[in-house]
Amino acid sequence: MNDIVISTFSGAIRAGTPLLFATLGEILAERSGVLNLGLEGMMLMGAFTGFSISYITGNLWLAVLAAVLIGGLMASLHAFMSITLRINQVVSGLALVFLGQGLSGFWGNAYVGMQANSFQNLKIPLLGDIPYIGPVIFDRDVLVYIGYISVPVIWWFLYKTTAGMNLRAVGEAPDAADARGINVILTRYVYTIIGGFFSGLAGAYISLAYTPMWVQNMTAGRGWIAVALVIFAIWDPVIALIGAYAFGGISVLQFSFQILQVPIPVNIMNMFPYIFTVFVMLFASSNRIKKLFGAPTALGIPYSREEKT
Amino acid sequence: MSEKILELKNISKSFSNLIANDSVDFDLKKGEIHALLGENGAGKTTLMNILYGIYKPDAGEIFLDGKKIVISSPRDAIENGIGMIQQHFSLVPSFSVVQNVALGLKEMGIIPDLSKIRKKIIELSDRYKISVEPDAKIWQLSAGEQQRVEIIKLLYVKSKIMILDEPTAILTPQEAKGLFETIKEMTANEASVIFISHKLKEVLEISDRVTVLRHGRVIGTVETKETNENDLARMMVGRDVVLKTDKKPSHPSKPILEIENIHVMGDKGIEAVRGVSLEVRGGEILGIAGVEGNGQRELGEAIYGLRNYTGNIFINGSKVRPGNVLERIKNHVAYIPQDRKADALCGGLPVYKNLFMKAFSSPIFSFNPYFFYPEKLKEPSEKVVKEFSIATSSVDQEVKFLSGGNMQKVVLAREIKSHPKLIIAVHPTRGLDVGAEEFVYNVLLAQKEKGTAILLIAGDLYEIFNLSDRVGVLYEGQIIGYSEPDESHIEEIGLMMAGVKK
Ligand SMILES: Nc1ncnc2c1ncn2[C@@H]1O[C@H](COP(=O)(O)OP(=O)(O)O)[C@@H](O)[C@H]1O
Ligand SMILES: [Mg+2]
């Protein structure tokens, strides 16, 4: 029984880590007013790029770097489409999903079932020996630790720094920020791309730590869950942490339940991503719902100085 | 005093095919208050947005202290010592006053020292007697308070040139007086001020010089001392204007609209109308004055059935249900909403369909209960277009291509042609030029003569004085008191608008 508790909680953190990265990145992008529904696509490309670089070079950190960059590259495509060309952000985000699924599927065909170098657990001295807590929290791989650190750093950045204040102003009232000399377009580009970095990292975690092998479509809807988590977290990194690990927990529970022989059909679990998709689409298209949840006021609305909205 | 600190030369700007600024020249002397006067749509905001870097001019040059400069973003303007309070405030609603003042300041490093900024705000607020609550969130503040925040923002950065775009629009008369004192103090401290308005009295009171803009062109610049209300009005409108309407005494008949204690929710989930009871009789105009955002819009929408409410509304003696517009239409209620583009017209539909939109279900135009023959509307439409002198190329023209005044005429025509017993008019002349404004006034007064009951909800006190027979003041969702619609009561009405009970 003890083992099951420990393995469930460690599993929650394992499964929650990619959700956490993607959610944190999307929080930054959405705080600037850009809705990027393409997380799933960016994560898949991150997973694929990370895996293939690790497979070819054996260098894990190079693999992670490449995954991060590919996420940023895809996000900059979204930024160009939605900020500069001012295309509907939902449409542009969905395009990223299809792009990521298509490219990773095409190039990934050759790697199916192969294994590559992957991240190993790194026990933190002393802390790692605490009963229960040690193995769950302090005996993990490096990327999990990076996840822990990201949360307070992003929180501090958002609420305590000048740049964070500017970022929030751009998402809440871009015209006001603009009138104070803040470059709205540049701000949105920067955070949309940073959001992409995080998605790429989330993907890398999946193929280099979570399931260290290549499986087609291996993100399996996690990008969508992350989009929903942003709303759940009301755009706050700390709540995002709780949400990500909780959802990670739900997805491991099915295995624990199987071991304990609690009958919850796998199909129910598999349904989640799609239910979230519907929910998010509803959300993204209704101003009233956006208000109700306290979304950044300008979320999803392209900015132009001369055009009145 | 005579040294020119700023010069705009030959500024032109057009939006698609509309010329908003046509070779405009404007200059500002050190320490003066220069008023920019013009009707709604004259191009005042456009000109100032160009100066502040929000709009890119199609042509023209800007000189600061005799040197040519290029302003391509608000950042450039700020760096050149230009500050602006925009017509629609630029504040971040979820931020505190301190954060709003801090936003974008150059002096802030990686981590802003908000306590220092807070201290300076308190100093400024003491020195200029502008009371602000530094830690309040903007969304909690009234429009008047928000404007004080904007002024603090201007004072904080010590701009050399301060632009105030229609700053009095949302103020009570008393608040406006306070603002004028602050402005005078600013100029005493070396700043030069561009004061934008379409109100003649204000401009005469506050400015040293006046430049009048009409249809995007400069009509002239005059010394305030050497001009008067009539001259300015003529420059602004292009012809002599009658500043008074011909309001005949009313002979109220039986009550047409009776409201008993209604409560209405606003969009923010806060109660916007909090227990209003009132009565409007046939043949009278009841004016509802008040600072915008005190429940005006919600009250109008609730009466017309567009918004849910609790309490009772009777039209012509019979009770109507909340949220049922059709019932109102059948009871001959006409509605002129504040946002005609969004709430009264279908921009993409031709004039003739818009004209008869409300009559679609009535037997006169629905020639057959199952089919609808819009072509048959064209002929009657042409008559209406003539009668109301709506300037449109044809009845097939899509409404969105009409000017604001002509759009409003389409709305008026449709509503009047439904033979109303009650008219609810919310800011019916907002954004219209004086000609169209006169037209609206005349139509409403003629309706009153005919015995129609009219509820006029308006922000402009002079509009209320010109039209109504009684005036009630709406403050925080309640009718705080009634008064006479006459300039001699302006003090009293102003106090009520600020929440002071009689
Ligand atoms: N961003 C814009 N896009 C299209 N038309 C505009 C824009 N800004 C102003 N206009 C038009 O330019 C004209 C002048 O507007 P504006 O400068 O706001 O007038 P004013 O401030 O004198 O009331 C109006 O007809 C207005 O509709
Ligand atoms: Mg204006």
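The values are calculated or read from the model by the stated rules, or taken from the named source; none is laboratory data. Because the structure is predicted, anything quoted here is derived from the model rather than measured. FYI the Cβ positions are ideal-geometry reconstructions off the backbone, even for glycines, and counts take in every protein chain you see. Only protein heavy atoms, including side chains, enter the accessible area calculation; ligands, DNA and RNA are left aside. Shrake-Rupley method; radii C 1.70, N 1.55, O 1.52, S 1.80 Å.
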Any idea what the dipole of the protein assembly as shown comes to, in debye rounded to 20, about its Cα centre with Lys/Arg Cβ at +1 and Asp/Glu Cβ at -1?
-> 1080
With the contact rule set at Cα under 8 Å and sequence spacing of 6 or more, what percent relative contact order holds for chain A?
-> 37
Taking every DSSP beta bridge that has both residues in region B:127-283, what percent is antiparallel when rounded to the nearest 5?
-> 75
Enter the accessible area of B:Lys137 (Å², nearest 10), with the probe set to 1.4 Å and all protein chains included.
-> 80
What does the average come to when, for each residue of peptide A:111-117, you count the partner chain Cβ atoms lying within 10 Å of its Cβ?
-> 0
Can you give me the span-like helices of chain A, meaning DSSP H runs with 18 Å or more of Cα extent along the axis and Kyte-Doolittle mean at or above 1.6?
-> A:60-79, A:237-260, A:266-285
What pairs from B:Lys358/B:Lys378; B:Lys386/B:Lys417; B:Lys13/B:Lys225; B:Lys353/B:Lys383 go past 21 Å between their alpha carbons?
-> B:Lys13/B:Lys225
Nearest 20 debye, what's the magnitude of the dipole of region A:67-188 about its Cα centre given +1 on Lys and Arg Cβ and -1 on Asp and Glu Cβ?
-> 180
For region A:160-212 and region A:39-61, compute the distance between their C-alpha centroids and round to whole Å.
-> 22
Given the pairs B:Lys129/B:Lys160; B:Lys319/B:Lys501; B:Lys119/B:Lys501, which are separated by over 28 angstrom at their Cα positions?
-> B:Lys319/B:Lys501; B:Lys119/B:Lys501
Which percent, to the nearest 5, of DSSP beta bridges fully inside region B:4-237 are antiparallel?
-> 55
Taking the mean number of other Cβ atoms within 10 Å as a proxy for protection, how do you rank A:4-13, B:110-119 from highest to lowest?
-> A:4-13, B:110-119
Please average, across the residues of B:106-115, the number of beta carbons from any other chain that are within 10 Å of each residue's own beta carbon, and give a whole number.
-> 3
Segments B:327-338, A:222-233, B:247-258 sorted - mean Cβ within 10 Å per residue, highest first | A:222-233, B:327-338, B:247-258
Ranked highest first by average number of other Cβ atoms within 10 Å, how do A:25-33, A:159-167, B:62-70 line up?
-> A:25-33, A:159-167, B:62-70
Only bridges with both residues in the protein assembly as shown count here: give the DSSP antiparallel percent, nearest 5.
-> 60
Anything over 31 Å Cα to Cα? Flag those among B:Lys67/B:Lys199; B:Lys158/B:Lys201; B:Lys201/B:Lys450, in the order listed.
-> B:Lys67/B:Lys199; B:Lys201/B:Lys450
Inter-part gap, Cα centre of region B:173-244 to Cα centre of region B:263-321, in whole angstrom, is 36
Magnitude of the charge dipole, region B:4-237, Cβ model with Lys/Arg +1 and Asp/Glu -1, debye to 20 | 380
Collect residues whose amide H, placed 1.01 Å from N in the peptide plane, falls under 5 Å from the amide H of B:Gly275; neighbours closer than 5 in sequence don't count.
-> B:Ile262, B:His263, B:Val264
Inverse of <1/r> over all distinct C-alpha pairs of region A:2-293, i.e. the Kirkwood Rh in Å, gives 19.3
Give me the distance between the Cα centres of region B:102-142 and region A:79-155, rounded to whole Å.
-> 40
Given B:Leu306, B:Val291, B:Ser318, which one lies farthest toward the positive end of the charge dipole of region B:282-336, if we put +1 on the Cβ of every Lys and Arg and -1 on the Cβ of every Asp and Glu?
-> B:Ser318
Could you please state how large a percent of the accessible area of chain A is carbon and sulfur, counting protein chains only and using a 1.4 Å probe?
-> 70
Determine the calculated [θ] at 222 nm for the protein assembly as shown from helices alone, applying -39500 (n - 2.57) to every DSSP H run no shorter than 4 residues and normalising by the residue count; nearest 500 deg cm²/dmol.
-> -14000 deg cm²/dmol
